[in-house]
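Chemist: Sharing a structure here in structure tokens format.
Rule-based calculations on the coordinates, nothing more; no lab input. What you are looking at is a predicted structure, and each value in this text was computed from that prediction instead of being measured. We place every Cβ from the backbone using ideal geometry, glycine too, and count neighbours over all the protein chains shown.
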Amino acid sequence: MATTSKQIAESLPREMQTHTYAILRELEGKHWWYLGRRQIIASFVGRIAAKLPSDNECPPRILDVGCGTGGNLEMLSEFGAVEGVDVSNDAVEFCRARGVAPVKQAVAEDLPYDDGSFDLVTGFDVIEHLDDDVAGLREMRRVLRPGGRVLLIVPAFMWLWGVQDDVSNHRRRYRLPELRHAVERAGFHVERATYANITFFVPTLLGRVFMRLTGLRPASESNINIAALNGLLGRILGSESWWLQRMNFPFGVSIVCVARRD
């Protein structure tokens, strides 16, 4: 008997520790990191959407793999007809409570959609959770139509490993050549790959070194924050979107990759 997506999901550890989803749902609409990152994502999605076929009756179909508690679904819906999928039932319930887009529970390695169903597949901090990242990428490629794109964001550099990687059950952080290699092995043609979040690279590094030396382990690194600065810091991080449309960064906390299915 074939193994179903639900059976696979039940056999794996949660992609994030359970309490992390509640923290994510509370913070993703106001924390500077999520606000700034969403602005960067929107700038990339906008450029991709401009290359996709679209009309009023049939807008581009977008699938957000690992949609979490749904913070990006509303933004993605501005560019097409969006759907979401996540391994966690908790995350799916948060998304359904928002009522923004249809959401299904499934693992990235076994997506419950037909071949060639979508014009754009997004995976924001997703494939680093997978034991076999290439298998997940190949599945994303399967549900893309020819000429469709995948947009990925992943954490960068194993030596930046921190508490958030532990609570999120990450398997790895990437260097740029490693991500390119995985994406190309999955059958994609890489159109753009660059580091991102160069603005807060040094503070992130210093903070994680401090936590290693002191043994400090918050429930989530998102809890280490000055709420009054969320707006300002979010705009500072989001301003990278202007630079990222014009140049590649030599390093950063994250990597952004756009690849095409031929």
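Chemist: 7 Å from Cα along Cα→Cβ at both Met75 and Ala227: what's the point-to-point distance in nm?
Modeler: 2.2 nm
Chemist: Further, regarding this structure: About the Cα centre of the chain, what is the dipole size in debye to 20, counting +1 per Lys and Arg Cβ and -1 per Asp and Glu Cβ, all else neutral?
Modeler: On the way: 31 positive and 32 negative charges, 156 e Å.
Dipole size: approximately 760 debye.
Chemist: Compute the FRET efficiency between Arg145 and Ser239 as 1/(1 + (r/R0)^6), taking r as their Cβ-Cβ distance and R0 = 25 Å, and round to the nearest 0.05. Walk me through the numbers before you get to the answer.
Modeler: On the way: r = 34 Å, r/R0 = 1.34.
My answer for the efficiency is 0.15.
Chemist: Quote the FRET efficiency, to the nearest 0.05, computed for Ala97 versus Met247 with a Förster distance R0 of 30 Å and r equal to the Cβ-Cβ distance. Intermediate values should be presented prior to the final figure.
Modeler: Values: r = 40 Å, r/R0 = 1.32.
Here the calculated transfer efficiency is 0.15.
Chemist: Kindly point out which whole DSSP H helices in the chain project their C-alpha atoms 18 angstrom or further along the helix axis while averaging a Kyte-Doolittle hydropathy of 0.5 or above. Numbers along the way, then the final one.
Modeler: Values: long enough: 32-51 (30 Å, 0.20); 201-214 (20 Å, 1.06).
Long hydrophobic helices here: 201-214.
Chemist: Just grab the label-to-label distance for Asp131 and Lys104, each label 7 Å out from Cα along the Cβ direction, in nm (one decimal).
Modeler: Distance between label points: 2.3 nm.
Chemist: Report Rg (one decimal) and Dmax (nearest whole number) for region 119-187, counting Cα atoms only, units Å.
Modeler: In order Rg, Dmax, the Cα atoms of region 119-187 give 12.3, 39 Å.
Chemist: So, how do all the Cα-to-Cα distances of the chain break down into 10 Å bins, in percent, from 0 on up?
Modeler: So the P(r) values, bin by bin, are 7, 31, 40, 19, 3, 0.
Chemist: How much of the DSSP bridge set in the chain is antiparallel, in percent, rounded to the nearest 5? Intermediate values should be presented prior to the final figure.
Modeler: Details: 15 of 33 bridges.
The answer is about 45 percent antiparallel.
Chemist: If amide H atoms are built 1.01 Å from N in the plane of the peptide, which residues on other chains or at least 5 residues away come under 5 Å of the amide H of Asp64?
Modeler: Correct list: Glu83, Gly84, Val85, Thr122.
Chemist: With point charges of +1 on the Cβ of Lys and Arg and -1 on the Cβ of Asp and Glu, referenced to the Cα centre of the chain, which listed residue (Tyr174, Ile127, Val85) lies farthest in the positive direction of the dipole?
Modeler: Tyr174
Chemist: Going by how many other Cβ atoms sit within 10 Å of their own, how do Cys67, Cys58 line up, fewest first? Can you show the working numbers first?
Modeler: Numbers: Cys67 29, Cys58 11.
Placing the least packed residue first, the sequence is Cys58, Cys67.
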